[in-house]
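Here the structure comes first, spelled out in structure tokens, and everything after it is commentary.
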Amino acid sequence: MSEHYKHLLEPLDLGFTTLKNRALMGSMHTGLEDKAKDFPKLAAYFAERARGGVGLMVTGGFAPNVEGWLSPFGSKLSKKSEVKRHLQVTKAVHDEGGKICLQILHAGRYGYSPLCVSASNIKSPISPFKPRALSTKGVYRTIKDYANSAALAQQAGYDGVEVMGSEGYFINQFLVTHTNKRTDEWGGSFENRMRLPVEIVKAVREKVGTNFIIIYRLSMLDLIEQGSTWDEVVQLGKAIEAAGATIINTGIGWHEARVPTIATSVPRAAFSWVTGRMQDHVSIPVVATNRINDPQVADELIANGEADMVSMARPFLADSDFINKAAAGKPESINTCIGCNQACLDHTFGGKRSTCLVNPRACYETELNFTPTTQTKRVAVVGAGPAGLSAATVLAERGHTVDLFDKANEIGGQFNIAKKIPGKEEFYETLRYFDNKIKETGVNLRLNEGVDVTALISADYDEVILATGIIPRELEIEGADHEKVLSYIDVVQDEKPVGQRVAIIGAGGIGFDVAELLAHQGVSPSLDVELFNKEWGVDTDYQQRGAYTHADPEAPARQITMLQRKEGKMGANLGKTTGWIHRASLKMKSVQMVRGVEYSKIDDRGLHFTIQGGEPQVIECDNVVVCAGQLSRKDLLAGLEAQGMKVHLIGGSKLAGELDAKRAIREGFEVAAQI
Ligand code: FAD
Ligand code: NAP
Ligand code: SF4
């Protein structure tokens with residue numbers, strides 16, 4: 001056994017089988033589950049993670065019947081004919097020495113489908129479809145469908161199933177009164193409301209026999225009004241154990257909850273306390289979840305008795321080798337999940353295949369590969385932002401000789417600005433990862449070197465990659481050069497003094513981040529669980545149903561107004577799963593949002609503008625901070641091409657519009673895979 005992270009890496013004996021360690025790769029819908037033709041890709045994705053050493057994995061959700069679909073014709077396991085495709089997955093995982101469970105997920109009223117059903121016919125606030133209330137018979141039939149799905153999973157070679165009982169899906173909808181208004185044996189008293197999950201687990205156990213893992217994902221914190229009480233959660237946990245479950249996994253928050261549960265602004269392991277409390281009430285292993293992305297944190301949770309296992313989902317998208325690296329005592333080489341959701345959950349909710357911002361190979365294991373080069377080249381990479389870092393390290397890994405230049409005194413480009421925003425502290429981890437990767441791969445890093453065309457030509461490189469990023473867009477209105485005007489770089493990077501009353505021009509990702517920084521004071525709630533709970537209304541005393549109480553955020557540090565010219569929603573281009581958090585956070589800090597403006601001028605009074613040709617208005621302020629987008633920095637391109645140099649443009653230097661780190665890192669990978 002490894003000398004490192006002994007608690008996390010200790011085997012777990014389940015009686016009839018032993019898991020090689022306490023790491024569970026939690027369920028994630030990747031988009032590869034929906035079509036039979038994608039199963040070879042799904043098998044390669046899981047095989048790579050089994051090879052990486054994770055003890056037990058759970059697939060994305062498969063519905064037990066069509067009523068339980070997440071979306072029409074989506075993933076489902078209800079017929080014998082659907083078994084064959086899964087054999088590829090289970091064989092690939094077992095060949096690598098891994099273990100895998102299939103998640104049975106009935107979406108209930110979260111189903112994006114006209115066929116969706118629930119306990120009662122009450123529409124969810126986040127779905128356009130009103131569910132049909134299942135008949136009494138329909139409930140009995142659905143229990144049989146769960147058992148049938150589990151039996152098919154067993155035939156397909158899975159080591160077990162996970163029954164999804166949390167996150168506000170079908171089973172959760174039966175548990176609480178605001179979605180369950182039934183008067184039959186499945187509604188009314190808590191005994192009646194909790195009968196469904198208990199009968200499901202019993203029926204599954206009866207069908208699969210004793211030597212098959214059943215994980216039950218128990219909603220320990222609903223984080224909605226009228227959610228379960230703690231006594232109800234405990235009562236259900238005990239009944240689930242008695243019904244035959246092998247492991248209890250933790251579920252945190254319904255999807256419609258207004259508390260962030262996995263975004264980067266959630267502190268690490270913020271909800272492990274509730275799993276710790278459940279430990280006292282059941283004797284089967286319990287699993288802690290949510291925003292655990294580091295082997296030290298995971299190890300401590302088990303050492304402190306808060307959990308028997310730790311579920312990490314997205315961290316295995318970011319690095320399939322997470323466990324092997326931890327076991328080798330090399331945590332610095334782990335590519336850490338930064339909780340951004342940009343390439344995983346945002347893709348899932350946008351109907352796209354999931355991948356990972358920091359690891360574009362995730363879910364593309366059969367398509368994006370880096371083979372050793374047969375012809376070593378000397379390559380210069382100019383710019384050590386996310387794009388240049390990914391290109392340089394992949395090139396060097398493939399065997400090329402790489403010089404990586406940056407005019408700054410540290411690697412990271414704009415990520416050095418991003419990591420200073422409260423709630424984005426995790427971005428530092430990507431820079432730590434690349435810093436280590438540069439050393440591991442032998443990239444020749446040359447900081448404090450702003451290169452020009454002459455230097456690059458005289459060094460006689462075979463090819464040059466320009467990853468020189470962007471230039472902030474400047475304002476072109478009267479007073480743009482007034483002393484109260486600052487750029488986001490002045491404010492965040494150079495920490496220039498900012499007054500009490502601020503107007504922010506531009507409401508894109510950077511405008512929102514700057515508003516967050518300027519409104520904030522004191523310790524970042526992302527680094528302090530107590531502050532986070534206070535800010536978002538998480539009731540750790542469980543005095544309220546659902547452990548959800550009134551939010552009590554810190555007072556804002558400044559009076560801020562954010563403006564945009566468009567008439568549409570502010571922050572419309574923010575991430576699907578995180579935009580609401582940014583908007584809610586700024587609302588709590590009383591940030592005013594003004595849209596549809598035409599800027600007139602900036603003077604000693606402040607920022608002057610009109611709305612749709614109306615009366616002139618002015619925001620009296622001490623500073624105007626410009627976050628008005630960016631332009632590509634391509635200053636070296638023409639000179640290099642004129643000299644016949646083979647040049648590649650990536651990241652911001654290629655295109656500033658719709659730039660983010662996801663695109664920058666992916667373009668770096670792609671160009672480096674080709675040279
Ligand atoms: P850059 O990061 O701009 O790097 C370019 C590098 O080139 C710089 O280090 C520069 O010094 C160097 N350089 C330029 N010219 C030369 C030269 N002649 N010689 C040597 N070196 C040179 N993106 C997300 O995806 N998610 C987020 O949540 C997010 N938040 C952000 C928050 C803030 C406050 C900011 C400012 C940005 C944020 N971004 C975010 C955007 C993200 O950081 C950028 O999309 C990404 O950094 C672009 O990468 P790049 O490598 O193309 O360019
Ligand atoms: P952006 O998202 O394009 O937003 C630019 C803002 O400036 C818009 O609100 C735009 O609104 C305004 N604007 C554009 N031209 C203007 C002009 N000439 N005068 C005044 N206002 C103008 O760009 P960004 O905020 O600079 O962010 C850069 C990139 O970083 C983005 O592409 C983003 O994806 C990425 N980023 C992402 C995140 C994240 O959380 N995912 C966070 C930060 C940054 P109007 O045109 O309506 O005025
Ligand atoms: Fe983590 Fe972001 Fe990658 Fe998703 S896209 S796995 S949140 S780093």
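The values are calculated or read from the model by the stated rules, or taken from the named source; none is laboratory data. All of these numbers come straight from a predicted model, not from anything done at the bench. Because the Cβ atoms are built from the backbone with ideal geometry, glycine has one as well, and the counts that use them run over all protein chains shown. Accessible surface areas use protein heavy atoms only, side chains included; no ligands, DNA or RNA. Shrake-Rupley method; radii C 1.70, N 1.55, O 1.52, S 1.80 Å.
Applying 1/(1 + (r/R0)^6) with r as the Cβ-Cβ distance of THR454 and ASN121 and R0 = 60 angstrom yields a FRET efficiency of 0.25. To make sure I understand the rule: partners must be lysines, Cα under 19 Å from the Cα of LYS35, and not fewer than 8 residues away in the same chain. Which ones qualify? Correct list for LYS35: LYS76, LYS79, LYS80, LYS84, LYS91, LYS352. Remark: accessible surface ordering of TRP254, TRP230 (largest first) is TRP230, TRP254, probe radius 1.4 Å.
Pairwise alpha-carbon distances in the chain exceed 46 Å for 23% of all pairs. Between the helical axis of 579-588 and the longest alpha-carbon principal axis of the chain there is an angle of about 80 degrees. The lysines whose alpha-carbon is closer than 16 Å to the alpha-carbon of LYS407, local same-chain residues fewer than 8 away aside, are LYS634. Near ARG378, once Lys and Arg are set to +1 and Asp and Glu to -1 for all other residues with Cβ below 12 Å from its Cβ, the sum equals -2. Relative to the 2.2 N^0.38 Å rule of thumb, segment 311-374 has a C-alpha radius of gyration ratio of 1.22.
Close amide H pairs (under 5 Å, H built 1.01 Å from N) link LEU404 with VAL381, ASN444, LEU445, ARG446, residues at least 5 positions away or on another chain.
Solvent-accessible area of CYS116, all protein chains in place: 0 Å² (probe radius 1.4 Å, heavy atoms, ligands and nucleic acids excluded). Converting the Cα gyration tensor eigenvalues of segment 299-340 into ellipsoid dimensions via √(5λ) gives semi-axes, longest first, of 19, 14, 8 Å. Cα-based values for segment 123-266, radius of gyration first and Dmax second, are 15.2, 44 Å.
The distance separating the Cα centre of segment 51-86 from that of segment 237-307 comes to 23 Å.
Each Lys or Arg adds one and each Asp or Glu subtracts one; over the other residues with Cβ under 13 Å from the Cβ of ASP403, this totals -2.
Per atom type, the chain shows carbon and sulfur on 48% of its accessible surface, probed at 1.4 Å. Here the chain carries DSSP beta bridges of which approximately 20% are antiparallel, counting only pairs with both residues inside.
For a paramagnetic label modelled at 7 Å from the Cα of VAL618 toward its Cβ, which residues of segment 478-504 fall within the zone defined by backbone nitrogen distances under 14 Å? Of the residues in segment 478-504, 479 have backbone N under 14 Å from the label point off VAL618.
Accessible area per residue for segment 583-675 is 49 Å², calculated with a 1.4 Å probe on protein heavy atoms, without ligands, DNA or RNA. Calculated on the alpha-carbon coordinates, the convex hull of segment 52-109 measures out at 85 cubic angstrom per residue. In whole angstrom, segment 28-125 maps to an equivalent ellipsoid with semi-axes of 28, 14, 10, each derived as √(5λ) from the alpha carbon gyration tensor and ordered largest first.
Excluding ligands, DNA and RNA, the accessible surface per residue across segment 12-349 is 32 Å² with a 1.4 Å probe.
Take the Cα radius of gyration of segment 527-649 and divide it by 2.2 N^0.38 Å, N being the number of residues; the result is 1.59. Starting from the Cα gyration tensor of segment 421-509, take the square roots of the eigenvalues, sort them a ≥ b ≥ c, and report rounded, prolate or oblate (rounded when a/c is under 1.5, otherwise prolate if a/b is larger than b/c, else oblate). Cα axes put segment 421-509 in the oblate bin. Modelled label positions at THR18 and LYS6, each set 7 Å beyond Cα in the direction of Cβ, lie 1.7 nm from each other. By the equivalent-ellipsoid construction on the alpha carbon gyration tensor, segment 12-349 comes out with semi-axes of 28, 22, 20 Å, ordered largest to smallest. A Förster radius of 22 Å combined with the Cβ-Cβ distance from ALA642 to GLN674 puts the calculated FRET efficiency at roughly 0.40.
Annotation for GLN155 and GLN226: the two label points, set 7 Å from Cα along the Cα-Cβ direction, are 4.1 nm apart. Taking each residue as 0.36 nm, the span from ASP552 to THR371 lengthens on full extension beyond its C-alpha to C-alpha distance by 59.9 nm.
Taking a cut-off of 20 Å, what percent of all Cα-Cα pairs in segment 482-564 are separated by more than that? Counting every Cα pair in segment 482-564, those more than 20 Å apart make up 45 percent. Listed by chain and number, the lysines whose C-alpha is less than 16 Å from the C-alpha of LYS6, apart from same-chain residues fewer than 8 away, are LYS20, LYS325, LYS330.
Figure note: GLU429, GLU598 ranked by solvent-accessible area, largest first, 1.4 Å probe, ligands and nucleic acids not counted: GLU598, GLU429. Once backbone amide H atoms are built at 1.01 Å from N, GLY251 has LEU218, SER219, MET220, LEU221 as its partners under 5 Å, excluding neighbours fewer than 5 places away on the same chain.
In sequence order, segment 610-624 has phi-based couplings of 10, 10, 6, x, x, 4, x, 10, 9, 9, 6, 8, 7, 9, 10 Hz under the Karplus curve 6.51 cos²θ - 1.76 cosθ + 1.60, θ = phi - 60°, and Gly or Pro positions carry x. Per residue of the chain, the DSSP helices (runs of n ≥ 4 H) give a summed -39500 (n - 2.57) that works out to -8500 deg cm²/dmol at 222 nm.
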